[in-house]
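No lab work stands behind these numbers, since they all come straight from the coordinates. Quick caveat: nothing in here was measured; it's all calculated off a predicted structure.
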Amino acid sequence: MHPPTPTAPARPRRREYARILPTSDAPGPPRRHGGGMRQLTRPVRRGLLVLHVVVSVGWLGLTLGVLALGITGAMAGSAEEAGAAYRSMNVLGDWLLIPISLLSLASGIVLSLGTPWGLARHRWVYVKFWLTLITTAATAFALRARIDAAMADVVAGRAVGATTDLILAPSVSLGVYTFLTAISVIKPWGLTARGRRLRATKHR
Ligand code: HEM
């Protein structure tokens, strides 16, 4: 009798990697993870990810534009130049800021719930969710109100009052979106307590 020859553990197949690595594009039918939302199919996930990145990084670019106009308005040599800057800022505020921020938040939530990333399973996703929610609310209620007030001053022919706010607010937002882009790419900090619990129950 020969002792059984030790064999190397079998390499996980592509489908098994898909269960281990949230970043992989799992082939096969959509599944549920931890009783959550139905998992997105590969083409839908990819399409949504492209939309999410375009919209979210577009929001960062838009904020850079608002900051440039805020600086131009504050440093303008004439009322006409300042008026032009705040009128342009008002166009961006009226047409783009709210839809873009909401689309970034909504696409991020669907991508989280529809993939193994989950909304509260990985710290980087959870931090993104809360920071985006806070900055969306700040954009809708604080920044838009400041832009409207500046526009009212321009229309009434008064000197614009909130010039510092219109530089500070987009500067803070820009810092936050840059941080969010960085953690999206690096995906740091591992699992949350809920993520660890779900993983432990799955392996039991
Ligand atoms: C300003 C806000 C945001 C920015 C700049 C941003 C940026 C990005 C970027 C650049 C990626 C691609 C990363 C990669 O594939 O390596 C990404 C993916 C992702 N984002 Fe966001 N994001 C934002 C908001 C959100 C929010 C609010 C959530 C969740 C509630 C979210 C959840 C996700 C998830 C789960 C992925 C990975 C999707 C996948 O692999 O299929 N994001 N984000």
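Structural remarks
- Between the C-alpha center of region 137-187 and that of region 92-136 there is a gap of 18 Å.
- Our estimate of slack between ARG194 and TRP130, defined as 0.36 nm per intervening residue step minus the Cα-Cα distance, is 21.4 nm.
- log10 of Debye I(q)/I(0), alpha-carbon scatterers only, for region 50-105 at 0.15 Å⁻¹: -0.46
- Alpha-carbon Rg with Dmax, taken over region 48-204, Å: 18.8, 71
- Judged by the ratio a/c of the largest to the smallest principal axis of the C-alpha gyration tensor, region 121-204 counts as prolate, that ratio being 1.5 or greater while a/b is larger than b/c.
- Mean separation of Cα pairs under 8 Å and 6 or more residues apart, divided by the residue count, gives region 40-203 a relative contact order of 31 percent.
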